[in-house]
Amino acid sequence: MLARRIIPCLDVRDGKVVKGVKFRNHEIIGDIVPLAEQYAQQGADELVFYDITASSDQRVVDKSWVSRIAQVIDIPFCVAGGIKSVEDAGRILEMGADKISVNSPALADPELITRLHDTYGQQCVVIGIDSYFNKQSQQFEVYQFTGDEKRTQNTGRLTVDWVKEVQQRGAGEIVLNCMNQDGVRQGYDIAQLRLVRDACTVPLIASGGAGEKHHFYDVFKQADVDGALAASVFHKGIIPIPELKDFLRAQGVVIREDFVPTTS
Amino acid sequence: MSVLSSSQHTVIINTGCANISSVKFALQRLTQNVTVSDDPKVICAADKLILPGVGSANSAMESIEKKQLASCIQSLAQPVLGVCLGMQLMVTDSQEKAHQSDLGNTPCLNLIPGQVKRMQVGDLRLPHMGWNTVEAVEQTSLFKGIPQGTYFYFVHSFAVEVYSHTLASSQYDMPFSAAIHRDNFYGVQFHPERSGDAGATLLENFLNL
């Protein structure tokens with residue numbers, strides 16, 4: 001049976017892992033490589049490294065840390081942030097990342113998704129979508145440049161429409177960041193994730209809102225997502241990963257068992 | 001993890017795909033002498049070979065043809081491990097072809113009989129992505145110390161069905177080959193380099209063949 005994935009997300013700025021609330025006010029959590037190693041040892045199924053300043057800064061970002069992570073980590077990992085071209089993606093994949101995640105640049109140039117698909121294959125093309133519930137229009141809408149408060153803007157796209165388009169263009173996985181829930185630890189946005197799940201035939205990863213163990217159970221059970229991404233509950237030690245996985249197994253969720261070699 | 005003989009030379013065949021690094025790093029965690037090469041002389045002189053691959057069967061085969069490596073790989077007698085797309089390149093042909101191409105199936109290296117087909121998974125998602133359990137068909141040296149039902153990491157939409165060359169199987173709506181074998185050629189559909197300690201054990205078993 002395919003297991004549901006638990007995915008710690010490490011927001012990276014200037015080579016350090018940071019965490020903000022609702023994408024703002026970042027505080028430093030620690031160094032990337034030891035944190036990544038620690039999560040892999042604790043049973044994380046996958047890691048996402050998100051360079052939060054890259055897309056909004058318009059600068060070339062030092063990504064040499066990708067290679068340092070690839071040397072020590074033996075679980076899959078995805079790098080997001082500042083990937084604007086096929087060449088940018090190629091460099092990250094050559095350094096040892098398994099997937100690259102594209103958000104704002106795909107909105108500016110949707111054709112980029114197709115080029116990434118045709119060059120590196122669907123399996124490594126992840127599309128991140130920052131989605132916000134607009135109370136005025138009563139719709140879920142896509143936002144861009146969410147790494148920088150001054151530049152964050154509504155794209156005018158409806159989330160479900162964009163979800164369908166990125167799949168047609170060759171996305172292999174979608175990470176849905178539910179902005180209303182991000183960092184406030186009140187639970188994943190089940191209603192929105194269910195809506196997107198119905199429009200999504202590739203793996204779907206829930207992001208934003210995890211605060212308690214049962215939030216993970218709820219999102220797997222009620223929104224049928226393939227993975228659940230979280231940051232602060234792991235960084236702050238609120239939910240230890242082994243405890244979370246034991247809890248989910250006890251609730252009947254299919255979760256990867258630790259490898260125990262036979263000694264015959 | 002035991003330290004392997006430092007005199008053994010492992011070569012990763014450079015098929016022209018972008019992400020060979022993760023395979024290289026995984027091997028370097030187990031053995032000292034690892035080279036990435038597309039030089040037939042270096043490839044033929046290796047003790048163990050890895051045939052990696054991501055992307056699509058047609059682009060990988062094009063790259064292999066361009067580098068004139070097909071006959072070199074077909075002539076190898078030492079143990080070769082194909083990983084993911086690398087495994088799929090080992091069989092006779094693949095249904096995976098260039099986007100909007102009218103051509104037939106993509107001919108592969110034909111090291112092991114068999115055909116790669118698009119997975120039929122009903123309402124489940126494709127790509128088949130994540131950790132899934134693997135059942136070895138019989139106790140073999142490649143899966144030594146690896147219990148039935150061990151989780152490995154998969155990312156793929158095409159697969160080889162379960163047949164006479166299946167070494168291990170997995171299930172995703174349909175059963176499929178998680179590992180195949182003929183003579184000196186071994187292939188795994190999952191990514192051992194990204195499968196934690198289970199993957200490291202499998203790679204070590206391969207290096208110890």
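The values are calculated or read from the model by the stated rules, or taken from the named source; none is laboratory data. No experiment lies behind these values; they were computed from the predicted model shown. Reconstructed Cβ throughout: ideal geometry from the backbone, glycine too, with neighbour counts over all protein chains shown.
List of remarks:
- Taking segment B:68-124 as the range and being farther than 23 Å from B:Ser21 by Cβ, at pLDDT 95 or above and in contact with a Lys or Arg (Cβ under 6 Å, 6 or more places away or on another chain) as the test, only B:Ile112 passes.
- Residue match in segment A:242-249 (condition: within 14 Å of chain B (Cβ to nearest Cβ), in contact (Cβ under 8 Å) with a residue 60 or more places away in the chain, crowded, with 22+ Cβ neighbours inside 10 Å and under 24 Å from A:Gly128 (Cα atoms)): no
- Selection within segment A:94-125 - of a type in the set (A, V, I, L, M, F, W, C) and modelled with pLDDT under 90: none
- Residue ID - farthest from the other protein chains (Cβ to nearest Cβ), chosen from residues in segment A:89-122 that are of a type in the set (Asp, Glu) and assigned to a helix (DSSP H, G or I): A:Glu111
- Condition met for A:Ser137 (in a strand (DSSP E or B) and within 21 Å of A:Gln192 (Cα to Cα)): no
- Any chance A:Ala206 is among the small types (Gly, Ala, Ser), assigned to a loop (DSSP other than H, G, I, E, B), buried (at least 19 other Cβ atoms within 10 Å of the Cβ) and within 17 Å of the chain's Cα centre (by Cα): no
- Test: residue in segment A:68-83 that is more than 13 Å from chain B (Cβ to nearest Cβ), part of a helix (DSSP H, G or I), of a type outside the set (D, E, K, R) and in contact (Cβ under 8 Å) with a residue 12 or more places away in the chain: no
- Residues being among the charged types (D, E, K, R) and within 13 Å of chain B (Cβ to nearest Cβ) - total across segment A:205-241: 2
- Candidates A:Gly147, A:Gly128 - the one that is outside any helix (DSSP H, G or I), more than 10 Å from every other protein chain (Cβ to nearest Cβ) and either surrounded by fewer than 21 Cβ atoms within 10 Å (Cβ to Cβ) or at pLDDT below 90 (or both): A:Gly147
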